[in-house]
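Undergrad: Handing you this structure, nothing more for now.
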Amino acid sequence: MFTIEATAVTPEGRISPGDLGLYDDACEAALTDALQRARRLAPPIPVALQLAHAGRKGSSRAPWEGGQQIPVEAGGWIAQAPSALAHAPGERAPAALDGRGVQSTREAFAHAARRADRAGIDALQIHLAHGYLLHEFLSPISNHRPDQYGGSRENRMRYPLEVFDAVRAAWPAQKPLGVRLSCSDWIEDGWTLEDSIALAAELVQRGCDFIDCSSGGVSPQQKIPVSPGYQVPFAREIRRATGAVTTAVGLISDPEHAEAIVATHDADMVAMARAVLWDPRWAWHAAHALGANVAAPQQYWRGVPRRAATVFGDVRIGMR
């Protein structure tokens, strides 16, 4: 499954001005056209899309441009968040969403889901991770609201669950709907694995088809013990505690490592981004390493080394 990441549901929900959005007719038409053109050229593969709102991380430059906030006078905008708390010292504080903003943003997620369906997307993922808006509602680090959406864990979970319910109602029942979740803030007094298990149980009851188990992103004070597969225990524990279908992610690039995660039931799926950015043919190479077959355009068959000739089935292409 190929996932299109971080697709903003409102203009203010973009991380950077260059982000993909799905909040108006022009966005929908552009995505529909791109997807149709890609499918004419590529082998059949399910395409998922991640619905997102940047929250207080909005109005930022692209990472390769430094990632700093863009001043309003230079084309930036006032970011939105659960509370008027800046992400990092020296940054401009976001505007706290009022009652109308909470409602319109929830509706924007549902509208974007309908657009994704019309565009031909096969599965949806709601972004509850990495310090963006819905994660900001979950975490006590970023949510200091005095209303029904702040305070206790139950209250902090309320809005992300409302958004999930709205998207589930707008998205066809036969199409998968999942979430990406930061399972730990990696900071004292932040969101924890125990909290994530409680949220996952609620999501499963509401018809959540899979949970992509990531972590971090809500505070620059986080301390993450990074190593290959460091987030796999989150996927394993949520799977065991709730019965959720889970996805493991995080510095997983070796085919044998990915296969072992699934084979030992630590997770049901493995997701990767950086590994495929580095090696766009990762799936082909993994199929060869693990003795499996994949589909590929016939134009590529001649490029298969003799030692890997079975990666596309029993392929024997001669040169003329």
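Undergrad: When the range 116-143 is examined, which residues are found to be within 20 Å of GLY216 (Cβ to Cβ) and of a type outside the set (A, V, I, L, M)?
TA: GLN125, HIS127, HIS130, GLY131, TYR132, HIS135, GLU136, PHE137, SER139, PRO140, SER142, ASN143
Undergrad: Among (1) at negative phi; (2) out of contact with any Leu (no Cβ under 6 Å at 6 or more places or on another chain), which single condition is ASP209 missing?
TA: (2)
Undergrad: Within the range 93-105, identify whether any single residue is part of a helix (DSSP H, G or I) and in contact with a Leu (Cβ under 8 Å, 6 or more places away or on another chain), and answer yes or no.
TA: yes
Undergrad: State all residues of the range 210-224 that are surrounded by fewer than 20 Cβ atoms within 10 Å (Cβ to Cβ) and either touching a His at 6+ places or on another chain (Cβ under 7 Å) or in contact (Cβ under 8 Å) with a residue 40 or more places away in the chain (or both); if no residue qualifies, say none.
TA: SER219, PRO220
Undergrad: Does the range 132-141 hold any residues that are assigned to a helix (DSSP H, G or I) and either modelled with pLDDT under 95 or of a type in the set (A, V, I, L, M, F, W, C) (or both), and which are they?
TA: Listed by number, the residues that qualify are LEU133, LEU134, PHE137, LEU138.
Undergrad: State the number of residues belonging to the range 17-29 that are under 12 Å from ALA52 (Cβ atoms) and not in a strand (DSSP E or B).
TA: Within the range 17-29, residues that are under 12 Å from ALA52 (Cβ atoms) and not in a strand (DSSP E or B) number 4.
Undergrad: Among the residues of the range 259-300 satisfying the criterion of being of a type in the set (Gly, Ala, Ser) and touching a Pro at 6+ places or on another chain (Cβ under 8 Å), which is surrounded by the fewest Cβ atoms within 10 Å (Cβ to Cβ)?
TA: ALA295
Undergrad: Output the residues belonging to the range 213-233 that are assigned to a loop (DSSP other than H, G, I, E, B), closer than 22 Å to SER142 by Cα, among the small types (Gly, Ala, Ser) and in contact with a helix residue (DSSP H, G or I) (Cβ under 9 Å, 6 or more places away or on another chain).
TA: Those that are assigned to a loop (DSSP other than H, G, I, E, B), closer than 22 Å to SER142 by Cα, among the small types (Gly, Ala, Ser) and in contact with a helix residue (DSSP H, G or I) (Cβ under 9 Å, 6 or more places away or on another chain): SER215, GLY217.
Undergrad: Of all residues in the range 155-191, count the ones that are of a type in the set (Asp, Glu) and not in a loop (DSSP other than H, G, I, E, B).
TA: 2
Undergrad: Can you confirm whether ALA108 is under 17 Å from ILE15 (Cα atoms), of a type in the set (A, V, I, L, M) and within 22 Å of the chain's Cα centre (by Cα)?
TA: yes
Undergrad: Right, something else. Quick check on the range 142-154. Is at least one of its residues assigned to a helix (DSSP H, G or I), without any contact (Cβ under 8 Å) to a residue 60 or more places away in the chain and farther than 30 Å from ASP33 by Cβ?
TA: For the range 142-154, residues assigned to a helix (DSSP H, G or I), without any contact (Cβ under 8 Å) to a residue 60 or more places away in the chain and farther than 30 Å from ASP33 by Cβ: present.
Undergrad: Follow-up question, since we're still on this one. Would the range 145-160 turn up any residue that is under 23 Å from LEU22 (Cβ atoms) and either under 16 Å from the mean Cα position of the chain (by Cα) or surrounded by fewer than 24 Cβ atoms within 10 Å (Cβ to Cβ) (or both)?
TA: Yes, that holds for at least one residue.
The values are calculated or read from the model by the stated rules, or taken from the named source; none is laboratory data. Bear in mind that the values here come from a model prediction, so they are computed numbers and not experimental data. When we count neighbours, we look across all protein chains shown, and the Cβ atoms used for this are built from the backbone with ideal geometry, even at glycine.
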